[in-house]
1. Give the residue that is nearest to Leu111 (Cα to Cα), with candidates limited to residues of the stretch 48-100 that are open to solvent by less than 50 Å² (accessible area, probe 1.4 Å), of a type outside the set (A, V, I, L, M, F, W, C) and out of contact with any strand residue (DSSP E or B) (no Cβ under 6 Å at 6 or more places or on another chain).
2. Could you list, in sequence order, all residues of the stretch 84-114 that are free of Cβ contacts under 8 Å to residues at least 40 places away in the same chain and hydrophobic (A, V, I, L, M, F, W, C)?
3. Is it true that Val44 is open to solvent by less than 50 Å² (accessible area, probe 1.4 Å), over 20 Å from Leu106 (Cα atoms), among the hydrophobic types (A, V, I, L, M, F, W, C) and in contact with a strand residue (DSSP E or B) (Cβ under 8 Å, 6 or more places away or on another chain)?
4. Scanning the stretch 79-99 for residues that are over 17 Å from the mean Cα position of the chain (by Cα) and part of a helix (DSSP H, G or I), which turns out nearest to Ile22 (Cα to Cα)?
5. Any chance the stretch 89-101 includes a residue that's of a type in the set (Val, Ile, Thr), at pLDDT 90 or above and within 17 Å of Pro39 (Cβ to Cβ)?
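The values are calculated or read from the model by the stated rules, or taken from the named source; none is laboratory data. Note that the structure is predicted; figures quoted are calculated from it, not measured. Counting neighbours? That spans all protein chains shown, and the Cβs are built from the backbone with ideal geometry, glycine included. Areas reflect the complete protein model, heavy atoms only, side chains present, ligands, DNA and RNA absent. Shrake-Rupley method; radii C 1.70, N 1.55, O 1.52, S 1.80 Å.
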Amino acid sequence: MIGIANKVVLFNMMKPELETTIEIKEVEWKNQRLRFRNPLVIPVKYDEEMHELMIAEDSAINLFVFAHTKDELFQEINEQILFMWNKYVKSSGAKFTKDALKLRELLATQLEEV
């Protein structure tokens, strides 16, 4: 299933040179759904060279995705966040590095299963 694009509140990229943000309340991928306790606001910009790729990045949760279309970008965000949830939060964490444990805690406090 493609991500829940109707949950995105802000997306206005009228001109490639403009940066904007998207606000995400929920993500869904492969019959799994998560809700942010507080919406995640992610800056979005076009690549500097060709202005063809939209890039969304949130360093706090190690999210870096890019796509040619808005729908593809939403799908990538959904997939990446759910991948991180399954890899870091749903795993035992026994072999995680300090940074991985920090990310695990951050995801667990920001997200909940729906």
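1. Once the filter is applied, the top-ranked residue is Ser91.
2. Matches in the stretch 84-114: Met84, Val89, Ala94, Phe96, Ala100, Leu101, Ala108.
3. So Val44 fits the description; yes.
4. Asp99
5. Taking every residue of the stretch 89-101 in turn, none turns out to be of a type in the set (Val, Ile, Thr), at pLDDT 90 or above and within 17 Å of Pro39 (Cβ to Cβ).
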